[in-house]
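The values are calculated or read from the model by the stated rules, or taken from the named source; none is laboratory data. Here the structure is a predicted model, which is why all the values come from computation and not from measurement. So basically every Cβ, Gly included, is an ideal-geometry build from the backbone, and we count neighbours across all protein chains shown. Surface areas here come from the heavy atoms of the whole protein model, side chains and all, with no ligands, DNA or RNA. Shrake-Rupley method; radii C 1.70, N 1.55, O 1.52, S 1.80 Å.
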Amino acid sequence: MNFLAFIRNNARWLAGGFLLTFFSSYGQTFFISLSSGHIRSEYGLSHGQFGTVYMVATLASAATLTYLGQIVDKRSPRAVTFIIVPILAFACVLMAFSHHIVLLLLAIYLLRLFGQGMMSQNAFTAIGRWFVAQRGRATSLTAIGVNAGEASFPLLFVLVAGALGWRNAWLAGAVTLLVVALPLISWLVAKDRTPQASDPAAPVAAARDWSRAEVLRDPLFYMAMAGVLAPGFIGTTVFFHQIYLVELRGWSLEAFAASFAFMAATVVVFSLVAGQLVDRYSAKAMLPTFLIPLGLACLVLGFVEAQWAAFVFMGLMGISYGFTNTVFGALWPEIYGVRYLGAIRAVTMALGVFATALGPGLTGYLIDAGVSFPAQVVAMGIYCFGACVMLVGVSRRLFARSLPATA
């Protein structure tokens with residue numbers, strides 16, 4: 001089945017997954033950080049102090065996600081949507097009206113838990129169950145919802161905030177979630193997809209269904225996660241400190257904002273490329289490669305002061321993000337089965353959220369302590385190359401313990 005035919009025949013489910021990740025933008029770091037300057041000013045917070053607030057709220061959301069994320073194994077995607085979207089809208093309202101640090105903490109906690117956490121959890125778990133042989137393609141199309149948000153929401157937020165104020169921009173987000181996202185997504189995911197006779201054969205044999213307890217005893221899981229966590233940690237850190245970075249380099253804020261659209265376009269292209277490769281070779285085969293562009297991106301951002309470095313960084317990071325979103329959306333059901341996929345993904349999502357929480361807080365305090373932010377970024381790049389070497393071994397061991405599809 002060619003790609004266009006695949007989209008046409010599965011448009012309903014693909015659109016549902018895409019919109020879930022698209023509207024998860026309200027809880028993503030890139031969106032929340034658009035208000036960081038206003039928040040620090042109105043609450044009287046330093047970079048490190050706001051980083052700590054963000055880290056505490058995100059860590060709490062990660063801990064909650066470990067348990068709440070299992071709901072997708074027990075309830076339908078539509079039922080979960082009716083729970084998480086209204087709560088995400090409430091979080092946007094709370095951000096708009098909060099004037100106390102405790103309410104700010106609660107707002108960020110809910111945004112992270114029900115935005116980045118549960119919206120993505122609902123999307124990728126459903127896609128992982130609905131598709132098998134074409135899971136890579138389906139995952140890639142779902143993953144680019146976040147990138148579509150990165151390309152559109154920053155500009156929209158800046159325009160609305162400029163006209164109505166940053167707090168009213170958050171209210172507009174709440175209205176959009178309730179009026180547009182909730183009815184549309186709930187309709188699209190109301191019907192489960194079942195395997196079709198036209199579906200091609202999978203590139204690898206279906207894995208047995210591992211329980212979450214078994215996965216947590218698997219050393220290869222933790223080795224793979226050491227690579228999985230790097231893009232979120234690095235991307236969140238750079239996005240969270242984007243205003244500081246622009247000021248440090250003397251760059252144009254408008255030009256840096258434009259680089260987000262360039263990154264989003266790159267992610268879209270390479271998500272689709274990765275989807276084709278995963279369907280052809282398997283997610284396990286793609287493990288050793290996805291961090292190489294990110295490592296190069298960090299070296300460019302750390303060493304080059306010219307404005308063009310922002311676009312090179314965003315382009316290279318977009319390549320890694322494109323592969324990461326697709327490869328790891330397909331990897332867990334490929335190696336651990338689908339019966340307990342929600343519970344397993346809840347752990348991986350929680351660890352991912354933990355990494356995104358650690359980045360801003362840790363680097364914020366290092367900035368306050370006088371440690372060069374570009375030097376920190378270079379260190380992140382070196383880590384990426386070390387992780388690539390380790391993932392070569394992980395990929396080989398995963399293949400060694402699985403049987404080929406023709407067996």
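Worth a mention:
- Of all residues in segment 373-407, those being outside any helix (DSSP H, G or I) and loosely packed, with under 13 Cβ neighbours inside 10 Å number 5.
- The set of residues in segment 20-31 being at pLDDT 85 or above and either farther than 16 Å from R78 by Cβ or open to solvent by 30 Å² or more (accessible area, probe 1.4 Å) (or both) consists of T21, F22, S24, S25, Y26, G27, Q28, F31.
- Scanning segment 302-320 for residues being open to solvent by less than 30 Å² (accessible area, probe 1.4 Å) and out of contact with any Leu (no Cβ under 8 Å at 6 or more places or on another chain) gives a total of 4.
- Among (1) of a type in the set (A, V, I, L, M, F, W, C); (2) surrounded by fewer than 22 Cβ atoms within 10 Å (Cβ to Cβ); (3) more than 15 Å from L105 (Cα to Cα), the one test that V56 misses: (3)
- Of all residues in segment 84-98 being surrounded by fewer than 21 Cβ atoms within 10 Å (Cβ to Cβ) and in contact (Cβ under 8 Å) with a residue 24 or more places away in the chain, the one that is farthest from Q28 (Cα to Cα): F97
- Close contacts from segment 249-274, counting a first residue that is in contact (Cβ under 8 Å) with a residue 24 or more places away in the chain and a second that is not in a helix (DSSP H, G or I), with Cβ to Cβ under 7 Å and a gap of 6+ residues or different chains, come to R249/E305; W251/Q307; S252/Q307; A255/Q307.
- All told, V158 meets the bar of being open to solvent by 50 Å² or more (accessible area, probe 1.4 Å) and assigned to a helix (DSSP H, G or I).
Yes/no per residue for (1) touching a Cys at 6+ places or on another chain (Cβ under 7 Å); (2) more than 21 Å from D368 (Cα to Cα); (3) β-branched (V, I, T):
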position	(1), (2), (3)
S41	no, no, no
I71	no, yes, yes
V80	no, yes, yes
P86	no, yes, no
A96	no, yes, no
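- Subset of segment 321-334 [among the hydrophobic types (A, V, I, L, M, F, W, C) and open to solvent by less than 20 Å² (accessible area, probe 1.4 Å)]: V327, F328, A330, L331, W332
A quick yes/no check of all residues on (1) touching a residue at least 60 places away in the same chain (Cβ under 8 Å); (2) in contact with a Leu (Cβ under 7 Å, 6 or more places away or on another chain):
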position	(1), (2)
N2	no, no
R12	yes, yes
F22	yes, no
F30	yes, no
E42	no, no
H47	yes, no
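- Verdict on G337 being on the phi > 0 side of the Ramachandran plot and touching a residue at least 40 places away in the same chain (Cβ under 8 Å): yes
- Among the residues of segment 210-228, those identified as modelled with pLDDT of 90 or more and not small (G, A, S) are E214, V215, L216, R217, D218, P219, L220, F221, Y222, M223, M225.
- Among the residues of segment 44-64, just one is touching a Lys or Arg at 6+ places or on another chain (Cβ under 9 Å), within 30 Å of L14 (Cα to Cα) and hydrophobic (A, V, I, L, M, F, W, C), namely A62.
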